[in-house]
1. Just in segment 19-102: which trypsin sites (Lys or Arg not before Pro) are loop by DSSP and have at most 15 other Cβ atoms within 10 Å?
2. At a Förster radius of 22 Å, what calculated FRET efficiency corresponds to the Cβ-Cβ distance of Ala15 and Ala41, to the nearest 0.05?
3. Over all directions, average the projected area of the Cα convex hull of segment 1-58 and note it in nm².
4. Taking the Cβ of Phe28 as the centre, find all other residues whose Cβ is under 10 Å away and add up their charges (Lys, Arg: +1; Asp, Glu: -1).
5. Once Lys and Arg get +1 and Asp and Glu get -1 on their Cβ, which of Ala15, Leu46, Thr118 lies farthest toward the positive end of the dipole of the chain?
6. Using a Förster distance of 30 angstrom, determine the FRET efficiency expected from the C-beta separation of Leu121 and Glu68, and round it to 0.05.
7. Would you be so kind as to identify all helices of the chain, as entire DSSP H runs, whose Cα atoms reach 18 Å or more along the helix's own axis and whose mean Kyte-Doolittle hydropathy is at least -1.0?
8. Based on a Kirkwood Rh over C-alpha pairs, give the Stokes-Einstein translational diffusion coefficient of the chain at 37 °C and viscosity 0.692 mPa s in µm²/s.
Amino acid sequence: MNPSSRRILYVDDDADACQLMELWLQQFNENYGVTAVGTVAKALELISDLAFDLYILDYRMPELSGFELCRLIRQEDSMTPILIYSGMGRDVDLDEALRAGANAYLIKPNDLDKINETVELLLQNKYRAFS
């Protein structure tokens with residue numbers, strides 16, 4: 001991996017969504033090292049072994065919700081940005097993501113066009129507004 005690469009972990013139980021996100025982000029920026037996994041267990045295993053620059057989490061997963069995973073990550077890591085990318089778009093979901101420690105919240109598939117800019121801002125620590 002290129003030394004200037006940015007490691008991104010994408011967690012979603014939908015295999016097609018994982019493949020799409022990997023391709024989408026790597027096409028946007030070839031320096032993104034995207035790892036996509038389909039289970040919370042695999043995500044936790046990778047997080048314990050590797051350092052990531054950004055986490056992108058789905059909300060609904062069989063083992064734990066993305067919010068619960070976000071809380072687990074925040075227990076160990078308060079600095080790495082977390083983006084929740086979910087099909088749930090209610091205000092209560094946005095509030096819960098913020099309370100869990102997420103830095104940003106985008107709604108799939110409506111906000112796919114905002115992914116690249118949001119990821120870039122989060123990686124540069126320039127994302128200020130929770131949207």
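1. Answer by residue number: Arg60, Arg90.
2. 0.90
3. The directionally averaged projection comes out at 3.7 nm².
4. Within the 10 Å Cβ shell, the charges total -3.
5. Of the candidates, Thr118 comes out farthest on the positive side.
6. Plugging the Cβ-Cβ distance into 1/(1 + (r/R0)^6) gives 0.75.
7. Helices meeting the span and hydropathy rule in the chain are 15-28.
8. Rounded, D is 227 µm²/s.
Bear in mind that the values in this text are calculations on the coordinates, not laboratory data. Small disclaimer: the values here were computed from a predicted structure and weren't measured. With ideal geometry, Cβ positions are generated from the backbone for all residues, glycine too; neighbour counts draw on all protein chains shown.
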